[in-house]
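Below is one structure, written out as structure tokens; comments come after it.
The values are calculated or read from the model by the stated rules, or taken from the named source; none is laboratory data. Values in this document were obtained by computation on a predicted structure and should not be read as measured data. Glycine gets a Cβ as well: all are built from the backbone with ideal geometry, and neighbour counts include every protein chain shown. Protein only, heavy atoms only, side chains kept; ligands, DNA and RNA dropped before computing areas. Shrake-Rupley method; radii C 1.70, N 1.55, O 1.52, S 1.80 Å.
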Amino acid sequence: KGFLQILGRVTLVTIVAATGTFVYISQKDRYPGSQLPFDPEKKTLVVLGSGWGATSLLKGLDTTNFNTIVVSPKNFFLFTPLLPSVAVGTLNPRSIIQSTRYITRFKSRQVAVIEAEAKEIDPINKTVTFSDNSEIQGQVSSTTIPYDYLVYAVGAEVQTFGIPGVKENACFMKELHDAERMQRRFLDCVESAAFPGQSDDEKDRLLHMVVVGGGPTGIELSGELHDFLEDDLKNWYPELASRIRITLVEALPSVLPTFSKELIQYTVSTFKESKIDIMTKTMVKEVKEKSVVLQMPDKSIKEVPCGMVVWAAGNKGRQITQDLMAKLPEDQTNKRGITVDDHLRMKGTNGSIFAIGDCTATSYAPTAQVASQQGAYIARILALLAKKDALEAKLTASDADADTIRKKISKIKPKPFHYSHQGSLAYIGSDKAIADLPIFGREWASGGVATFLFWRSAYLSTLFSLRNRTLVASDWVRVKLFGRDVSRE
Ligand code: FAD
Ligand code: NAI
């Protein structure tokens, strides 16, 4: 009895201590202190974007070196790898976003965060023009500012290839509002199918979900839709669930071309078990309101009725990127995006513009991994440039140590950007994930439930803040306990 009492007390003390520590850690980071104001002596650094590249840069940036201004139409960072989970209600939308101010307000020197869209960049006169495109605007909604250094990290937009009906009739899976819209549309299809008097053909149409693109986005989304169907819809719509169909359409001969052969095979067989139809060598030619037009492998055309089309067919450069490149026609000739040198300086800008992430055309895949490593690299480069500027300022101020200072300046030689690939991970539904991991110089392929646990822990630790980690973990527990919500907002 005595032992049990002691054990009980020890457990209680442990729980109280753990809760106290957790509260302390979360409170400690909650309230930012005071910051140094802008210094007219410092150079102006303008950062365009608040995605993977820009946020990683801001995390690593020593803001005492610059007057930093961040311009982005979204005042938050979106953790894209978990976006498909939002589309089916596994995660709440706010669990995977983080206000940019949560990062900048903890910096030593203040950082101006402006919710606006850059409209024009003048690389010759070094200015950026941006405007507030939100619903509510004040007296001033557009302005132009000068910069000394510009970090260009505006990402990319959805590639539709000009295919008719895509913009009008398909859902995308790129931004947070895309996932929310898809969730509403999906549940609308299910509720409309449940409407009394619906014919069997119409039910089958409404409950046929077509995902276009067999890249990682299309695969992960199909897996999430399958989970929603198996875990929840079968219980709440038992009369309809057996009619729900998921079809994945891919133009190439295989899905997931960047993953190893065995993992492609594993995904295909898992999808087969999950009754997700994969149609390869099949190209979407048109998306209509109630159907999708396909070019089949034998080149015949087939119109397939469906309730929802999700377009996950890749990305292309934004208009502003094309406009910027057009201003430097000699150096910027790659249609895929901005050409940079090995220090990520945009060619033709004399080192005043750094371009990172999906807006660039490099040998790296357009991934979060690449963008975030590039952002961290630019933070280091900017620290070196600031050091060089400070030494150069000293040089003009006094001649006494001129030689020593010049020597120090000559030693500042930034290394080229080097990408370190940490592996590729993707969720494929049914509590299974796939992973291609480089271990001791070899590619190690793994798939299954254990990989799914690894996938979860990898993304949980990659999330940007303790707040995000707590929210995502509690969403996973919520879904395990209560299932996903089928209410339609
Ligand atoms: P983004 O992160 O897209 O950021 C661009 C920023 O620029 C945004 O804040 C945007 O609001 C802002 N912006 C846009 N226009 C303007 C403008 N005119 N002026 C100023 N700012 C502007 N990669 C992985 O490595 N692993 C994954 O698991 C993974 N999963 C993904 C899942 C999904 C559903 C998607 C869509 C992508 C996924 N990716 C993944 C790819 C990854 O998200 C991108 O490669 C990454 O976001 C690129 O970072 P970026 O900074 O270049 O662009
Ligand atoms: P993607 O470019 O990788 O794949 C798009 C697919 O759509 C291609 O396979 C293409 O052949 C197909 N397609 C294009 N047009 C088509 C048409 N008309 N009909 C049928 N199929 C068509 O795009 P995705 O998946 O959005 O990925 C974009 C980037 O983000 C990639 O670099 C990817 O690696 C990264 N990403 C990584 C993830 C991960 O690592 N888990 C998850 C999601 C994205």
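Those helices (runs of 4 or more DSSP H) of region 1-92 in which at least 2 residues are within 30 Å of Pro146 (Cβ to Cβ), considering only elements entirely within it, cover 52-60. Looking at region 224-232, is at least one residue open to solvent by 40 Å² or more (accessible area, probe 1.4 Å), more than 16 Å from ligand 1 (Cβ to nearest atom) and either at pLDDT 95 or above or within 30 Å of Asn315 (Cβ to Cβ) (or both)? Yes: region 224-232 contains one or more residues that are open to solvent by 40 Å² or more (accessible area, probe 1.4 Å), more than 16 Å from ligand 1 (Cβ to nearest atom) and either at pLDDT 95 or above or within 30 Å of Asn315 (Cβ to Cβ) (or both).
Residues checked against (1) of a type in the set (Asp, Glu); (2) at pLDDT 95 or above; (3) within 12 Å of ligand 2 (Cβ to nearest atom); (4) at positive phi:
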position: Arg243; (1), (2), (3), (4): no, yes, no, no
position: Lys261; (1), (2), (3), (4): no, yes, no, no
position: Gln265; (1), (2), (3), (4): no, yes, no, no
position: Glu273; (1), (2), (3), (4): yes, yes, no, no
position: Ile276; (1), (2), (3), (4): no, yes, no, no
position: Val287; (1), (2), (3), (4): no, yes, yes, no
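Does Val268 qualify as being open to solvent by 20 Å² or more (accessible area, probe 1.4 Å), over 18 Å from Ile244 (Cα atoms), hydrophobic (A, V, I, L, M, F, W, C) and out of contact with any Asp or Glu (no Cβ under 8 Å at 6 or more places or on another chain)? It is true that Val268 is open to solvent by 20 Å² or more (accessible area, probe 1.4 Å), over 18 Å from Ile244 (Cα atoms), hydrophobic (A, V, I, L, M, F, W, C) and out of contact with any Asp or Glu (no Cβ under 8 Å at 6 or more places or on another chain). On the given criteria, is Val158 of a type outside the set (S, T, N, Q), crowded, with 17+ Cβ neighbours inside 10 Å and away from ligand 2 (no atom under 16 Å from the Cβ)? No, not satisfied. Give me the residue from region 161-179 that is part of a helix (DSSP H, G or I), closer than 30 Å to Thr267 by Cα and open to solvent by 60 Å² or more (accessible area, probe 1.4 Å) and, out of that set, farthest from ligand 1 (Cβ to nearest atom). Here the answer is Lys167. Please verify whether Arg205 is touching a Pro at 6+ places or on another chain (Cβ under 6 Å), more than 30 Å from Val340 (Cβ to Cβ) and open to solvent by 10 Å² or more (accessible area, probe 1.4 Å), treating the condition exactly as stated. It is true that Arg205 is touching a Pro at 6+ places or on another chain (Cβ under 6 Å), more than 30 Å from Val340 (Cβ to Cβ) and open to solvent by 10 Å² or more (accessible area, probe 1.4 Å). Of all residues in region 336-371, those that are open to solvent by 30 Å² or more (accessible area, probe 1.4 Å), polar (S, T, N, Q) and near ligand 1 (Cβ under 10 Å from one of its atoms) total 2.
Restricting Val88, Val70 to residues that are crowded, with 23+ Cβ neighbours inside 10 Å, in contact with a helix residue (DSSP H, G or I) (Cβ under 6 Å, 6 or more places away or on another chain) and either closer than 30 Å to Ser430 by Cβ or not polar (S, T, N, Q) (or both) narrows the list to Val88. Listed conditions (1) under 25 Å from Ile434 (Cβ atoms); (2) open to solvent by less than 40 Å² (accessible area, probe 1.4 Å) are all met by Val293, apart from (1). Taking the stated definitions as given, is Phe452 at pLDDT 95 or above and open to solvent by 60 Å² or more (accessible area, probe 1.4 Å)? It is false that Phe452 is at pLDDT 95 or above and open to solvent by 60 Å² or more (accessible area, probe 1.4 Å).
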